[in-house]
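Below: one structure, written as structure tokens.
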Amino acid sequence: MAKARSVYCCTECGTQHAQLLGRCTGCGSWESLVEEPVAGTGAAETAPGNLLGERPAPGASVGAGSKAAIPLQAVDADAAPRVPSGIPELDRVLGGGLVPGSVVLLGGEPGIGKSTLCLQLASAIAASGDPLLYVTGEESLEQVRLRAGRLGDVPAGLLALAETRVESLAGPWREAAPRAVLIDSIQTMHTDRIESAPGSVAQVRESAALLSATAKANGTALILVGHVTKEGTLAGPRVLEHLVDVVLTFEGDRGHPFRMLRASKNRYGSTQEVGVFTMGEKGLIAVENPSELFLAERRVGAPGSCIVPTMEGSRPMLLEVQALLAPAGYGTARRTCLGIDDQRVALLLAVLDRRSNVDLLSQDVYVNVTGGVRVSEPASDLAVALAMVSSRLDIPVPGDVAACGEIGLGGELRRVGRIEHRIREAERLGFRRVLVPAGAAGMIGSATAIGIDNVAEAVEWLSTPGNAV
Ligand code: TYD
Ligand code: MG
């Protein structure tokens, strides 16, 4: 019974279903399934292939198509030296540069600066003498040239191509033998191998598979730019994420110049490091000292603000948490949080209400982390709590005080990792006192770490007039 088979593919997450459902069981989005022919028919899925024609891997073949196992010890880990990207903040996130034959997926919301970063990266690599191929599927070459000119000198080794058909890249790729190929963006690419419409999940997947197989076979570093859907996931994430070696996400608030680059997957390095940039007239500029930048506009002595030393990977970073509390009108009190999880703020409000004598639940609460940055560390709990209490009681947190510590449901302060690093960073920026969980009290450099046992004690510390100086 030969019947043309098809699957139903979710356009949001890429999950395949055998039948048409109203709701994707993979990501829960409604009416996102589209019918697509089974990809197996073109043998594309089993053999991703190499655009530039097959080349046998050196010394690999023993008998018919099988490889010999070798001792892992004998494998040379440094056989493929990394290519420095020329952007130290990017190298930090990548774990030391681009690995030849690796595939990097760079995701982010539209307008966040992905193309700008790619172009700067392309210029930097090309300027160091390595040929580089920049493929644009979204912008015309004139647009790319204009932007590249604005960002700085355009090196001779930077080759650009406006193309959306994957097969058409074979010629330029072979001719230029680039060290790296940048595809901006993978969603605009399509391949002749399958019949689905351009932009469909199947096309994105097949194009990415074909490109990455080519990159791996030729030792070229490949960077794929991917758009993020409004739900915050990369279009077709499951398919693309397991296909690539490194997943980088470019984050930030478009209203602010700060941009953070994080790795959510990295086969060649840590996923802990972040790169910090500011977007300016001349493109992205690396920020060496993020703390100074984030604190530049702080108003010392205003109630409702508290500084927290957070850790981003191995790097401490001081951020300002602001809170504004105002009596709620009728009905449910409002909770509006920017840059911090509102569930966490709700939890802290409940703990403060029960475990200290400040009444907060009758208030509308607005919490904001300045600079458009997001904090997700529980270590910021104490600073958030202090900012809220400070606003409620109209008592400013003293200008030389920072605070960090996780708050438990019993109101107790819990230890956080790397406390010494955090205190040192605070000290470096002129903070003389840091409120910390009780166990971590002491002197670090010229800063005093003041031990706090629970939220009631923190409120009391803030309300004691003697502590204001
Ligand atoms: P872009 O790199 O096109 O974003 P994406 O590729 O992620 O969609 O960046 C677009 C924004 O960046 C745009 O709104 C203008 C701003 N921008 C600057 O502020 N300075 C610059 O030098 C450049 C090139 C862009
Ligand atoms: Mg772009």
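The values are calculated or read from the model by the stated rules, or taken from the named source; none is laboratory data. No experiment lies behind these values; they were computed from the predicted model shown. Don't worry about glycine lacking a Cβ; one is built from the backbone with ideal geometry, like all the others, and counts go over all protein chains shown.
Report yes if Gly111 is closer than 21 Å to Leu240 by Cβ and outside the structural domain of Gly372 (by TED's automatic domain parsing), otherwise no. Spelling it out, Gly111 is indeed closer than 21 Å to Leu240 by Cβ and outside the structural domain of Gly372 (by TED's automatic domain parsing).
The condition of being within 12 Å of ligand 1 (Cβ to nearest atom) and either outside any strand (DSSP E or B) or not aromatic (Phe, Trp, Tyr) (or both) does not hold for Leu211. Which members of segment 324-348 meet the condition of being more than 29 Å from the chain's Cα centre (by Cα) and either under 14 Å from Gly411 (Cα atoms) or not in a loop (DSSP other than H, G, I, E, B) (or both)? The answer is Leu325, Ala326, Pro327. Scanning segment 420-449 for residues that are in contact (Cβ under 8 Å) with a residue 60 or more places away in the chain and small (Gly, Ala, Ser) yields one hit, Ala426.
Counting the residues of segment 98-129 that are more than 13 Å from ligand 1 (Cβ to nearest atom), at pLDDT 90 or above and not in a strand (DSSP E or B) gives 8.
Hey, among Asp400, Asp453, which residue is under 18 Å from Glu320 (Cβ atoms) and either surrounded by fewer than 22 Cβ atoms within 10 Å (Cβ to Cβ) or in contact with a Leu (Cβ under 9 Å, 6 or more places away or on another chain) (or both)? Only one candidate qualifies: Asp400. Taking Leu94 as the residue in question, decide whether it is within 16 Å of ligand 1 (Cβ to nearest atom) and at pLDDT 85 or above. So Leu94 fails the test. Could you check segment 250-288 and list, in sequence order, the residues that are within 16 Å of ligand 2 (Cβ to nearest atom) and of a type in the set (A, V, I, L, M, F, W, C)? Residues satisfying the conditions are Phe250, Leu261, Phe277, Met279, Leu284.
One residue stands out in segment 151-202 among those that are more than 21 Å from Pro131 (Cα to Cα), surrounded by fewer than 18 Cβ atoms within 10 Å (Cβ to Cβ) and among the charged types (D, E, K, R): the one that is farthest from ligand 1 (Cβ to nearest atom), namely Glu195. For the residues Asp394, Asp400, Asp453, the requirement of being of a type in the set (Asp, Glu), in contact with a Phe, Trp or Tyr (Cβ under 9 Å, 6 or more places away or on another chain) and touching a residue at least 12 places away in the same chain (Cβ under 8 Å) singles out Asp400. Restricting attention to segment 130-182, the residues being assigned to a helix (DSSP H, G or I), within 16 Å of ligand 2 (Cβ to nearest atom) and either at positive phi or in contact (Cβ under 8 Å) with a residue 40 or more places away in the chain (or both) number 2.
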